[in-house]
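Worksheet for the structure shown next.
The values are calculated or read from the model by the stated rules, or taken from the named source; none is laboratory data. In this text, all values refer to a predicted model and were calculated from it rather than measured experimentally. In this analysis, Cβ positions are derived from the backbone assuming ideal geometry, glycine residues included, and neighbour counts consider all displayed protein chains. The accessibility values were calculated without ligands, DNA or RNA, using every heavy atom of the protein model including side chains. Shrake-Rupley method; radii C 1.70, N 1.55, O 1.52, S 1.80 Å.
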Amino acid sequence: MKIELLKSVMVTTTALALFAGPAFAQNATTPAATAPAATAPAADAAAATPAPEATKNYVPVTDDMLANPPKEEWLMFRGNYNNQGYSQLDLINKDTVGKLQLAWAWPMAEAGIQETAPLVHDGVMFLQTNNNIVEALNAKTGDLIWQYRPTLAELPASWSYQINQARRQKNSIALYEDKVILTTVDARIVVLSAKDGKPVWEKQVLDTQKGYSYTVGPLIADGKIISAISGCSIAGTAGGCYIMAHDVNTGEELWRFNTIDDPNNPKQGESWGDVPPENRWGGTPWTTGAYDPATKTTFWGIGMPGPYSELIRGSGEGSVLYTNSTLAIDVETGKLKWYYQHLPRDNWDLDSPFERILVDQDVDGKTQHLLITAAGKNGIVFALDRDTGKYLWHKDTVKQNVVTGVDADGTVQINTDLISKAVGEEHLVCASVSGGKLWMTGSYSPLTKAYYVPLTEACNTVAPTQVEFTAGNAVGAVKFGPRVLPEGITDAGLLDAVDINPTQGDHKWQYRSRPSMTSSVLATAGGLVFGGDAARNINAWDQETGKVVWSQRLNAPIGGYPSTYEIDGEQYLVVPTGYSNAASSISSAFPEIPLPTGSGNSIFVFKLPKSAS
């Protein structure tokens, strides 16, 4: 019975691989021969309001600015190439934070999960939201300057997973020169004028009809748009999941790296057992990577394999590289420098794509180049030597039962008792498919040398299922039970401050709360960490002690990526709010805190007046 079942699954998989076509199982560093050239956008592709005087003298974003961002601005996803999520501004500090005032607020243009990362340059806030709407606002007053609304590809209603991608767009934009560079849910790169929001050029990168989409924004480095595709667990995308580079001026594809098929590394292919490239799914890099200009290396985290259970995907005991790994890629050539796998043989959809943070620390007169990350949903913090990929240490945060240990050479050992041997065989797995750790990024403060990680305590049951793979839907083939608190734990929320050094990490402090954490966190030179929860509270913690020194309740769960900037000597704090899966998925753990029924997607901007600083 079991053998017949697996055979039927492989037949279905092969048929879908034929649907995906051979063009997507390419050499890891060779551009697609048939990749379409960048084109001028169609006349009906967008609607942008005319730009008023606010952007008439807009100052272009230069390469030097990206390498050394002005502290008064927030130029990229996490503020800097190193992804630290740290601001050098210190007017808002432990003594002044209580004097914050609401400067303005803005309702978001679209509903869906609130995962926005507002960028600020030259007095303009660039705000992206779901369905790839982009708005430019006056960062001082909140007045609209322009709005861009793309015409997106229409999809059949039955393609539910792929349709949902448009409702969970994260940091979809980047700034460069006088342009706003947008990655879209229908797998395009669209370049807009920063002055008026009008499209300059666009490029169809991959085929959205197969299931490809962008859910995270690009990294601009070395004159290239570095982007990572999503949708790699959708039926039609078998055989290829990519990190790619395009020329920032022309859109020409320069290289692509396939995260699930690397002909230059035999060990990678062997790790999938008998599964050929055209029958592989997963490996999605769905968090924007970091960049080290000194070595011209970009670092990306990679998601889970598909189908989720090895029983269904047919990979046996293989580690299924490069899923759940950190990849270090040469930005000039697209070639892999090194990789490290944080979770081999994933059977539970415990992705490891989350923020990779670059940290330099002086030890005994020598600078140590570290990469730190709470890589995956199990919340384990890893420290690696970023020049070599050598494992240095790890530290558990939330309760998890999947990883049993890490060998001295960095090999991660898993709990094989949690691997199902038959369809329907159920196991309780911690952390849950919703985290643990999720897309909400942590931050690193050089003041305390600590990594502040927003987390949720949760478990769920997992059991493989027999399903038909259909267009526009995921090939997960598992059933997840409700999210529940781990035994003996009563608080869903956890902010964990982990001391960082080259030899060992330890807990500096832990802050626990009944509601789950729902936003990324921001560390500042004012000695504070900002972040929020499902109970609609935006909090400021003392970086040294974990004490809450300021809190404000807003209209909806705190979401997205809080950030900060300064204009005319006044420091501002940006707080996104809105619908959150990180809240709803574990809300049964804190029933006394009702969640709003509407989305409430907004941003709130606080400021510290000059008189208060």
Close pairs (9 angstrom Cβ cut-off, 6 or more residues apart or separate chains): without any contact (Cβ under 8 Å) to a residue 12 or more places away in the chain and farther than 15 Å from Phe604 by Cβ in region 514-540, open to solvent by 10 Å² or more (accessible area, probe 1.4 Å) and among the polar types (S, T, N, Q) anywhere: none
Within region 420-448, restricting attention to residues that are among the β-branched types (Val, Ile, Thr) and assigned to a loop (DSSP other than H, G, I, E, B), which residue is most open to solvent (accessible area, probe 1.4 Å)? Val423
Cβ pairs under 7 Å, 6+ apart or interchain, first in region 108-119 and in contact (Cβ under 8 Å) with a residue 60 or more places away in the chain and within 11 Å of Ser580 (Cα to Cα), second in a loop (DSSP other than H, G, I, E, B) and basic (Lys, Arg), ordered by first then second residue, are Gly112/Arg168; Ile113/Arg168; Glu115/Arg168; Glu115/Lys170
Inter-residue pairs, beta-carbon under 8 Å, first closer than 27 Å to Ala458 by Cβ and in region 586-611, second assigned to a strand (DSSP E or B) and open to solvent by 20 Å² or more (accessible area, probe 1.4 Å), 6+ apart: Ser588/Val484; Ala589/Val484; Asn601/Pro107; Ser602/Ala105; Ser602/Trp106; Ser602/Pro107
Residue in region 457-474 that is in a strand (DSSP E or B), of a type in the set (D, E, K, R) and at pLDDT 95 or above present: no
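Among the listed residues Asn378, Asn401, identify the single one that is under 20 Å from the mean Cα position of the chain (by Cα), part of a loop (DSSP other than H, G, I, E, B) and without any contact (Cβ under 8 Å) to a residue 60 or more places away in the chain.
Asn378
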Within region 408-419, of all residues that are touching a strand residue (DSSP E or B) at 6+ places or on another chain (Cβ under 6 Å) and in a loop (DSSP other than H, G, I, E, B), the one farthest from Gly314 (Cα to Cα) is Gly410
Every listed condition ((1) under 22 Å from Tyr58 (Cα atoms); (2) of a type in the set (Asp, Glu); (3) open to solvent by 20 Å² or more (accessible area, probe 1.4 Å)) holds for Glu154 save (1)
Pairing a residue in region 474-492 that is closer than 30 Å to Gly211 by Cα with any residue that is open to solvent by 30 Å² or more (accessible area, probe 1.4 Å) and at pLDDT below 95, where Cβ atoms lie under 6 Å and the two sit 6 or more apart in sequence or on different chains, gives Ala474/Tyr161; Ala477/Val467; Arg483/Ser585
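List the strands (runs of 3 or more DSSP E) inside region 116-180, counting only whole elements, that have at least 1 residues being among the small types (Gly, Ala, Ser).
Counting at least 1 such residues, we get 134-138, 173-176.
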If you go through region 135-146, how many residues are crowded, with 18+ Cβ neighbours inside 10 Å and of a type outside the set (Phe, Trp, Tyr)? 6
Against the condition open to solvent by less than 10 Å² (accessible area, probe 1.4 Å) and not in a loop (DSSP other than H, G, I, E, B), how does Leu350 come out, does it pass? no
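In region 167-196, which residue that is among the small types (Gly, Ala, Ser) and over 15 Å from the mean Cα position of the chain (by Cα) is most open to solvent (accessible area, probe 1.4 Å)?
Residues of region 167-196 that are among the small types (Gly, Ala, Ser), as a first pass: 172, 174, 187, 193-194.
Then drop every residue that is not over 15 Å from the mean Cα position of the chain (by Cα), which leaves 187, 193-194.
Details: Ala187: 0, Ser193: 24, Ala194: 0 Å².
Among residues in region 167-196 that are among the small types (Gly, Ala, Ser) and over 15 Å from the mean Cα position of the chain (by Cα), the one most open to solvent (accessible area, probe 1.4 Å) is Ser193.
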Those residues that are open to solvent by 30 Å² or more (accessible area, probe 1.4 Å) and either basic (Lys, Arg) or at pLDDT below 80 (or both), I need them from region 47-80; list them, please. Ala47, Ala48, Thr49, Pro50, Ala51, Pro52, Glu53, Ala54, Lys56, Lys71
Quick one: in region 82-112, which of the residues that are open to solvent by less than 20 Å² (accessible area, probe 1.4 Å) and touching a helix residue (DSSP H, G or I) at 6+ places or on another chain (Cβ under 7 Å) is farthest from Leu528 (Cα to Cα)? Gly112
Checking Asn132 against (1) open to solvent by 20 Å² or more (accessible area, probe 1.4 Å); (2) within 24 Å of the chain's Cα centre (by Cα); (3) not basic (Lys, Arg): exactly one of these is not met. Which one? (1)
Identify all residues within region 468-487 that are open to solvent by 30 Å² or more (accessible area, probe 1.4 Å), farther than 20 Å from Lys377 by Cβ and among the small types (Gly, Ala, Ser); write none if there are none. Ala471
Checked region 197-213 for anything more than 18 Å from Ile173 (Cα to Cα) and open to solvent by 40 Å² or more (accessible area, probe 1.4 Å); matches are Asp207, Gln209
Could you grab me the full set of residues in region 561-608 that are surrounded by fewer than 24 Cβ atoms within 10 Å (Cβ to Cβ), β-branched (Val, Ile, Thr) and under 25 Å from Leu485 (Cβ atoms)? Ile593, Thr597
